[in-house]
Amino acid sequence: MIATIIPDVRSHYPVLLTELISIITPQYGGTFIDCTFGQGGYTKKILNFKNTKVIALDRDLETLQKVEEIQNKYGKRFLFKNIKFSQLNNLKLKNESVKGVIFDLGYSYTQIKDPKKGLSFESTGQLNMKMGINNFSANEAINILDEKELSQIFKFFGDEKDSNRIAHNIVEDRETREITTEELVRIIESSKRKKKSKTHSATKVFQALRIFVNKEISELIYGLINAARVVKKDGIIAVVTFHSLEDKIVKYFFKSLSENKSVSRYMPKGEEKINLFKTINKKAIFPSEIEIKNNPPSRSAKLRYVIKKEDFYDFETDILEKFDYLIKIENFSKKL
Ligand SMILES: C[S@@+](CC[C@H](N)C(=O)[O-])C[C@H]1O[C@@H](n2cnc3c(N)ncnc32)[C@H](O)[C@@H]1O
């Protein structure tokens, strides 16, 4: 998930930028929605082409410095909204012909390095992990949820093999002390059966907690549904993912609404079954060897895209039912 980090230059590195631009073709102009503005890497590249406009979204208000910079340079061709991309359909887009909706999921270099956010297992102090516009923090999740709930979060959102042991030890430890970031890392390290691994032993649990705190599953699902609603016929939806859970959701959504797929359930109301999307690349697009060499964490990035081939905005999808087991886990937060 940290694929947008380039450690040696200490700045944000937009992943798969060349590939994304060649797919959305801003050289022919048009309006684009950048659902994950971040440090503005994608937005700036699009705005460098004449006759383009970008509506950018980000849940994190700390992106405002970059927003201002871009606003000063591009004026009315750039509009920013501090909203979550699941709310995409609330943008007033009546007069816009949206040519592309893009997502670069996860967090930016700036966010992971921000000690206040506590997204990294190298952080210290109280647990947080809020990316912006949140109802609760990782501190509440870790200190309030029960053992079974914590275990399911680690298992399903982090693919953590030792989820039960870690959850058990957290619940035991929190009776006598507050679980801070350092304490959580210590508990994970002492709970792991396999001590040696290429990645840090806390990676999976931290990923799981971040997904839970930021409700990243429902964000992605509603983001995709609403992207398909706002993009015009012949427009493109492109998504860069960084872990298998995100990719699974994107892949299913695109595939289930594309041509020649038995799982397709797209149906304009009251009419015969018809497919909403056309897929050009059946397989995901990966960063080049050069990009991975320049920015090693980008190796986990995958880009998928579809072209909307119909002028329909009211369609049916079973994606919510398909991933209901994950939404149920997200809903543990109702008691926080
Ligand atoms: C990987 S960064 C994007 C980097 C950007 N493409 C660039 O080139 O600078 C992801 C950004 O998406 C934002 N984000 C993540 N989930 C979001 C959501 N559900 N709604 C809005 N913004 C979100 C994060 O706050 C972060 O700034």
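Here the range 127-156 is the region considered, the condition is being away from the ligand (no atom under 16 Å from the Cβ) and assigned to a loop (DSSP other than H, G, I, E, B), and the residue that is surrounded by the fewest Cβ atoms within 10 Å (Cβ to Cβ) is ASP146. Given the structure, is LYS198 more than 21 Å from SER333 (Cβ to Cβ) and either surrounded by fewer than 20 Cβ atoms within 10 Å (Cβ to Cβ) or among the basic types (Lys, Arg) (or both)? Answer is yes for this residue.
Going by the conditions given, is SER218 away from the ligand (no atom under 13 Å from the Cβ) and at pLDDT 95 or above? Criteria not met by SER218. Summed over the range 64-77, residues that are under 22 Å from the mean Cα position of the chain (by Cα), surrounded by 15 or more Cβ atoms within 10 Å (Cβ to Cβ) and either within 7 Å of the ligand (Cβ to nearest atom) or not β-branched (Val, Ile, Thr) (or both) total 1. When the residues of the range 3-48 are filtered to those that are charged (D, E, K, R) and modelled with pLDDT under 95, the one that is nearest to the ligand (Cβ to nearest atom) is ARG10. For the range 287-335: of the residues being among the hydrophobic types (A, V, I, L, M, F, W, C), part of a loop (DSSP other than H, G, I, E, B) and modelled with pLDDT of 95 or more, which is farthest from ASP247 (Cα to Cα)? Only one residue tops the list, namely PHE323.
Sub-6 Å Cβ pairs linking a first residue in the range 33-45 that is without any contact (Cβ under 8 Å) to a residue 60 or more places away in the chain and more than 14 Å from ARG77 (Cβ to Cβ) to a second residue that is of a type in the set (D, E, K, R) and crowded, with 24+ Cβ neighbours inside 10 Å, at least 6 apart or interchain, are PHE37/ASP58, ordered by first then second residue.
The single condition among (1) closer than 20 Å to HIS200 by Cβ; (2) more than 16 Å from the ligand (Cβ to nearest atom) that SER120 does not meet is (2). Quick check on the range 80-99. Is at least one of its residues assigned to a loop (DSSP other than H, G, I, E, B), within 15 Å of the ligand (Cβ to nearest atom), modelled with pLDDT of 95 or more and crowded, with 23+ Cβ neighbours inside 10 Å? Looking for residues that are assigned to a loop (DSSP other than H, G, I, E, B), within 15 Å of the ligand (Cβ to nearest atom), modelled with pLDDT of 95 or more and crowded, with 23+ Cβ neighbours inside 10 Å, one finds none in the range 80-99, hence no.
Can you tell me which residue is surrounded by the most Cβ atoms within 10 Å (Cβ to Cβ) among those in the range 100-119 that are aliphatic (A, V, I, L, M) and part of a loop (DSSP other than H, G, I, E, B)? The extreme case among them is LEU119. Among the criteria (1) buried (at least 17 other Cβ atoms within 10 Å of the Cβ); (2) within 12 Å of the ligand (Cβ to nearest atom), the one LEU61 does not fulfil is (1). Residues in the range 219-259 that are among the acidic types (Asp, Glu) and in a strand (DSSP E or B): ASP234 alone.
The values are calculated or read from the model by the stated rules, or taken from the named source; none is laboratory data. Just so it is clear, the structure is predicted and the values come from calculations on it, not from any experiment. Ideal geometry is used to build each Cβ from the backbone, glycine not excepted, and the neighbour counts take in all protein chains shown.
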